[in-house]
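Report on the structure given below.
The values are calculated or read from the model by the stated rules, or taken from the named source; none is laboratory data. Worth saying up front: this structure is predicted, and the values here are computed from it rather than measured. Every residue, glycine among them, receives a Cβ derived from its backbone with ideal geometry; neighbour counts consider all protein chains shown.
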Amino acid sequence: MSYGLRNTIILLVVLVVFVAGGWSYLYFYQQPKVENLQKQVEKTRKDLQSKQQVADQYPTLLNRYKEATKFFNNYDKALYGSSDEDNVYDFLNNISGGPAYVDFTFNFQDSTSKDKFGTMQMNIAGSGYYRNFINFVRQIELSKPLNKIENLSVSPIDKLDSYGKVNFNFMIKSYYDRAKMLGEPDLSIKKDVLASVYNPFFPLIRSVKNNEDDLINIEKSQLLAVSGNQAFLLDQDGKMQTLTKGDEVYLGTLTSINLKKGAASFTLNKGGIIDHVTLQVNNDGNQSSN
């Protein structure tokens, strides 16, 4: 074998080894890494697409969050922050004033725990003017703290100096936030009261109050004279008295003076019975009524 042929064979063998080694390196080492990287790229691309979809939803979700926050902050009701019954008592004590003033007693009954909230139950009993009691109840129902009134009972106080007043008794169930998920509670009071409330318990016929202020008792007085706007009487004690239109007398007022007839007319309220009494000058008996 010639020297040139031998070198040629050696170069071919080296070339074959080099090519085989390179191919083996690429096929058995680099190819798996490439495939693994391609898989990672595909996974990263899908993850990017998913996150991009979430990012695209961000403005919509932000608007929803703002609307939900606004709705919550302006909601009509809120939960107490704890199961401390003193919070409920302080709330009731704060609303019981002015046109909602009532005297009441507060008796804690029990507390019940739920998953994320709980309830406190108290018995409330007291008395006050019926219109004040209605305003007291309205403020419990319309103010921020979530309270529920149950088993309400109302009864009139049938006493001469207490007409218009009632006794009341009810259970109040108050809700509190155990999970603290709503933050610091807003326990503001809504001053929504009624200026005038019809009292269905007020008796139509009542006892007549005594003349404690020693007013002129028209039915025991004598009309002596009248002028353009004044009436002169001898009252039940024999004293001379002068009245003008609108002046108060026992159980009523002077409503009119008739100079031509020499008469003075009075409107009296005798425990719910309206009586019109007219006194005349120089008239036997000196009075008429209808």
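Scanning the stretch 215-238 for residues that are among the charged types (D, E, K, R), surrounded by 15 or more Cβ atoms within 10 Å (Cβ to Cβ) and over 53 Å from the mean Cα position of the chain (by Cα) yields a single hit, D235. Could you tell me whether any residue of the stretch 26-37 is assigned to a helix (DSSP H, G or I), touching a Phe, Trp or Tyr at 6+ places or on another chain (Cβ under 6 Å), at pLDDT 70 or above and not hydrophobic (A, V, I, L, M, F, W, C)? No, the stretch 26-37 contains no residue that is assigned to a helix (DSSP H, G or I), touching a Phe, Trp or Tyr at 6+ places or on another chain (Cβ under 6 Å), at pLDDT 70 or above and not hydrophobic (A, V, I, L, M, F, W, C). Condition test on R45, is it out of contact with any helix residue (DSSP H, G or I) (no Cβ under 7 Å at 6 or more places or on another chain), at pLDDT 70 or above and part of a helix (DSSP H, G or I)? It is true that R45 is out of contact with any helix residue (DSSP H, G or I) (no Cβ under 7 Å at 6 or more places or on another chain), at pLDDT 70 or above and part of a helix (DSSP H, G or I). Quickly run through the stretch 91-149 and pick out the residues that are small (G, A, S), outside any strand (DSSP E or B) and touching a residue at least 40 places away in the same chain (Cβ under 8 Å). Selection gives S96, G98, A100, S143. Count of the stretch 211-250 residues, restricted to those that are over 21 Å from D275 (Cβ atoms) and in contact (Cβ under 8 Å) with a residue 24 or more places away in the chain, is 6.
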